[in-house]
Amino acid sequence: MLSLVPLRRRVNALLDHNVPPSPASRAVGGFIVILIVINVASVILESVEPIRLGYRPILWWIEQIATAVFTVEYLLRVWTAVDRVTGRFRHPLWGRIAYATQFFSVIDLIAILPAIIGLFGAGDLRVLRLMRLLRMLKLSRHSTTFSLLWAVFREEASAIGAILFILVLTLIMSASLLFLIENEAQPAVFSSIPAAMWWAIETLTTVGYGDMVPVTPLGKIVGGFVSVIGIGTLALFSGVLTVSFMDQLRLRREQLRHLVDAGLATGPMTAADKRTLEGMARRLGVPPSETEEIIEEELQGHSETCPHCGQRLGQRGIVL
């Protein structure tokens, strides 16, 4: 019986972002990104009636092709999950189930759900069109910026949770106070605590639409305090994210340095090794200019001849 394992591993090399990128994997990723952009643009343009009526066949074909490609991509990702280099999904059954319940896998499933629901004739067409816009979330898999943001949120989950708790506590208390203070003066505006929460949200976020404004002196004083608390809390939130973002960038630069050191420890760097490191740097979110600088710095710390084979190294530490 013909084994499908070699084919599965080759497919995994095209889809697994933890594998050093190759021209083929970059081409596949680029094709998926372009298809997502075209598909989302077609969904947006479809909401314009003259375009929907004049270009219905083109829009229909774009949707069918995108759905078919996204479905095949999802099935291939689940099929090849057992070959991920992380080794987390080795089990033929439970490994694939664990992979299918991951965040990005759920996003991939959501991308094809509108077609599945429509196939069975269920759901409102307008809702299905809007669900197709969720395919934009698939871009997060192919963006180093999104992976960096997810890492920031994971690392600072406790701090972000504490700040959100302070915001919720301030929201409830300020809405309750304004309801007690302003209800008698403005019964139609501050009619209940939930209604006053809208004012509290506007004030805490410093948006201030002006549709709900305290008119009593005490209400204005409380509103001023709430505004100051909102500014401070949001500044604290942005500060936590900024510091964590910079820490993640620093950690990824250090990770790239370790990769360069590990490569040089095994022998002189070849041009192919350098291209591989540059591809991995892109996956880590390190800019090309910094990647070149890091490689140059690490190469300067090594001798001009290979300690293992004695080969002479070029100006950049690449074997001549």
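The values are calculated or read from the model by the stated rules, or taken from the named source; none is laboratory data. This is a predicted model, so every value here is computed, not measured. Positions of Cβ are backbone-derived with ideal geometry, glycine not excepted, and every protein chain shown enters the neighbour counts.
Some values worked out for this structure:
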item: Segment 260-274 - residue that is of a type in the set (A, V, I, L, M) and assigned to a helix (DSSP H, G or I) and, of those, surrounded by the most Cβ atoms within 10 Å (Cβ to Cβ); result: 260
item: All positions within segment 70-93 that are surrounded by 12 or more Cβ atoms within 10 Å (Cβ to Cβ), out of contact with any helix residue (DSSP H, G or I) (no Cβ under 6 Å at 6 or more places or on another chain), under 17 Å from residue 11 (Cα atoms) and of a type outside the set (Lys, Arg); result: 73, 75, 79, 85
item: Evaluation of residue 243 against (1) in contact (Cβ under 8 Å) with a residue 12 or more places away in the chain; (2) surrounded by fewer than 15 Cβ atoms within 10 Å (Cβ to Cβ); (3) among the aliphatic types (A, V, I, L, M) (one fails), failing number; result: (1)
item: Some residue of segment 211-232 being part of a helix (DSSP H, G or I), touching a residue at least 60 places away in the same chain (Cβ under 8 Å) and closer than 23 Å to residue 163 by Cβ; result: yes
item: Which listed residue, of 193, 163, is at pLDDT 90 or above, over 17 Å from residue 225 (Cβ atoms) and among the β-branched types (Val, Ile, Thr); result: 193
item: Odd one out for residue 217 among (1) closer than 23 Å to residue 152 by Cα; (2) at pLDDT 85 or above; (3) surrounded by fewer than 12 Cβ atoms within 10 Å (Cβ to Cβ); result: (1)
item: Residue 59, sole failed condition from (1) more than 27 Å from residue 154 (Cβ to Cβ); (2) buried (at least 18 other Cβ atoms within 10 Å of the Cβ); (3) touching a Ser or Thr at 6+ places or on another chain (Cβ under 9 Å); result: (2)
item: Unique residue being in a helix (DSSP H, G or I) and either among the polar types (S, T, N, Q) or at pLDDT below 75 (or both) when the list is 316, 257, 282, 252; result: 282
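Here's the yes/no breakdown for (1) surrounded by fewer than 16 Cβ atoms within 10 Å (Cβ to Cβ); (2) farther than 30 Å from residue 43 by Cβ:
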| site | (1), (2) |
| --- | --- |
| 137 | no, no |
| 162 | yes, yes |
| 166 | yes, yes |
| 173 | yes, yes |
| 178 | no, yes |
| 193 | no, yes |
| 196 | no, yes |
| 213 | no, yes |
| 227 | no, yes |
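Results for (1) in a helix (DSSP H, G or I); (2) touching a Leu at 6+ places or on another chain (Cβ under 7 Å); (3) at pLDDT 90 or above; (4) over 22 Å from residue 136 (Cβ atoms), shown as yes or no for each residue.
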{"position": "29", "(1), (2), (3), (4)": "yes, no, no, no"}
{"position": "38", "(1), (2), (3), (4)": "yes, no, yes, no"}
{"position": "44", "(1), (2), (3), (4)": "yes, no, no, no"}
{"position": "75", "(1), (2), (3), (4)": "yes, no, yes, no"}
{"position": "85", "(1), (2), (3), (4)": "no, no, no, yes"}
{"position": "89", "(1), (2), (3), (4)": "no, no, no, yes"}
